[in-house]
Amino acid sequence: MKIRASYYKSFFEFIQTEYGEQDDFTKFFQKILPFILLVRNIRNCLDHRKTETEIKEIELQINANIISPTIEVNYLDSKMQRTSIAEFLPIVTQNLVMIFETTIAYLCSKQSKPNKIFPGQVMLIPEERRIKISDTPTGHLWVKEDTFINKMFQVILSNDSYKNDKPKRN
């Protein structure tokens, strides 16, 4: 596979060729590709001081209304109407985290090998069947309800000793 300047488009072409057009990973990446390219193009425009991305400071309108800082993009295939930066950036952050986590899950799923000792798979577990293991912002572990490992975690979590700095001794 030849890597071109458009890494994301090349990656999409690779997974499309590798897994097929009907694969869930291919469909997922096809849906997120315009957003990834928008973020990349905004970065390129700002970094290289291109005029196709315009950031406006606070503006006072004729009717005395104040408009918060905004961003507008019209660069290559990326087009975005004038949008509040305060509303746009949290959406970008949330989407990039979701895209990263989901892409890693798909890549792990594609590379997992069947194992008779500890059979498992990477899959999305419906919200109502999830058990939260950790309260740390990035330390969530979700396991399927009817698996041995889930029963093991339920036993561990039913004991309050995991909340203390030092384990309790019997």
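The values are calculated or read from the model by the stated rules, or taken from the named source; none is laboratory data. These numbers come from a predicted model, not from an experiment. Don't worry about glycine lacking a Cβ; one is built from the backbone with ideal geometry, like all the others, and counts go over all protein chains shown. We work out accessible area using only protein heavy atoms, side chains counted, and drop any ligands, DNA or RNA first. Shrake-Rupley method; radii C 1.70, N 1.55, O 1.52, S 1.80 Å.
Test residue 100 against the criterion of being open to solvent by less than 70 Å² (accessible area, probe 1.4 Å), out of contact with any Gly (no Cβ under 6 Å at 6 or more places or on another chain) and closer than 25 Å to residue 123 by Cβ, and give yes or no.
Values: open to solvent by less than 70 Å² (accessible area, probe 1.4 Å): no; out of contact with any Gly (no Cβ under 6 Å at 6 or more places or on another chain): yes; closer than 25 Å to residue 123 by Cβ: yes.
Against the criterion (open to solvent by less than 70 Å² (accessible area, probe 1.4 Å), out of contact with any Gly (no Cβ under 6 Å at 6 or more places or on another chain) and closer than 25 Å to residue 123 by Cβ), residue 100 does not qualify.
Consider region 62-105. How many of its residues are assigned to a strand (DSSP E or B) and free of Cβ contacts under 8 Å to residues at least 24 places away in the same chain? Spell out the reasoning first.
Here is the first cut: in region 62-105, the ones assigned to a strand (DSSP E or B) are 66-67, 70-75, 78-84.
Next, from what is left, pick out any that are free of Cβ contacts under 8 Å to residues at least 24 places away in the same chain: 66-67, 70, 72, 74, 79, 81, 83-84.
Looking only at that region, the number is 9.
Looking at the structure I just gave you, is residue 43 part of a helix (DSSP H, G or I), modelled with pLDDT of 90 or more and either among the charged types (D, E, K, R) or in contact with a helix residue (DSSP H, G or I) (Cβ under 8 Å, 6 or more places away or on another chain) (or both)?
Values: part of a helix (DSSP H, G or I): yes; modelled with pLDDT of 90 or more: yes; either among the charged types (D, E, K, R) or in contact with a helix residue (DSSP H, G or I) (Cβ under 8 Å, 6 or more places away or on another chain) (or both): yes.
Answer is yes for this residue.
Looking only at region 106-121, filter to residues that are in a loop (DSSP other than H, G, I, E, B) and touching a helix residue (DSSP H, G or I) at 6+ places or on another chain (Cβ under 9 Å); which one of those is farthest from residue 30 (Cα to Cα)? Lay out the reasoning, then the answer.
As a first pass, look at region 106-121 and keep what is in a loop (DSSP other than H, G, I, E, B): 112-121.
Going one step further and asking which of them are touching a helix residue (DSSP H, G or I) at 6+ places or on another chain (Cβ under 9 Å), we end up with 118, 120-121.
Working: 118: 33, 120: 27, 121: 23 Å.
Among residues in region 106-121 that are in a loop (DSSP other than H, G, I, E, B) and touching a helix residue (DSSP H, G or I) at 6+ places or on another chain (Cβ under 9 Å), the one farthest from residue 30 (Cα to Cα) is 118.
Restricting to region 51-63, give me the number of residues that are farther than 18 Å from residue 92 by Cα, at pLDDT 90 or above and open to solvent by less than 80 Å² (accessible area, probe 1.4 Å).
2
Which pairs turn up if I take residues in region 16-37 that are over 17 Å from residue 109 (Cα atoms) and look for partners that are outside any helix (DSSP H, G or I) and open to solvent by less than 20 Å² (accessible area, probe 1.4 Å) with beta carbon separation below 6 Å, at least 6 apart in sequence or on another chain?
If the second residue must be outside any helix (DSSP H, G or I) and open to solvent by less than 20 Å² (accessible area, probe 1.4 Å), the pairs left are 37/78.
Do we find a residue being modelled with pLDDT of 95 or more, open to solvent by 40 Å² or more (accessible area, probe 1.4 Å), β-branched (Val, Ile, Thr) and under 24 Å from residue 122 (Cα atoms) anywhere in region 17-40?
Looking for residues that are modelled with pLDDT of 95 or more, open to solvent by 40 Å² or more (accessible area, probe 1.4 Å), β-branched (Val, Ile, Thr) and under 24 Å from residue 122 (Cα atoms), one finds at least one in region 17-40, hence yes.
Out of region 110-129, which residues are open to solvent by less than 70 Å² (accessible area, probe 1.4 Å) and modelled with pLDDT under 85? Even if it seems obvious, please write down each step before you answer.
At the first step, the residues of region 110-129 found to be open to solvent by less than 70 Å² (accessible area, probe 1.4 Å) are 110, 112, 120, 122, 125-126.
112, 120, 122, 125, 126, listed by residue number.
So in region 64-95, with the set limited to residues that are in contact with a helix residue (DSSP H, G or I) (Cβ under 8 Å, 6 or more places away or on another chain) and open to solvent by 70 Å² or more (accessible area, probe 1.4 Å), which one is farthest from residue 47 (Cα to Cα)?
77
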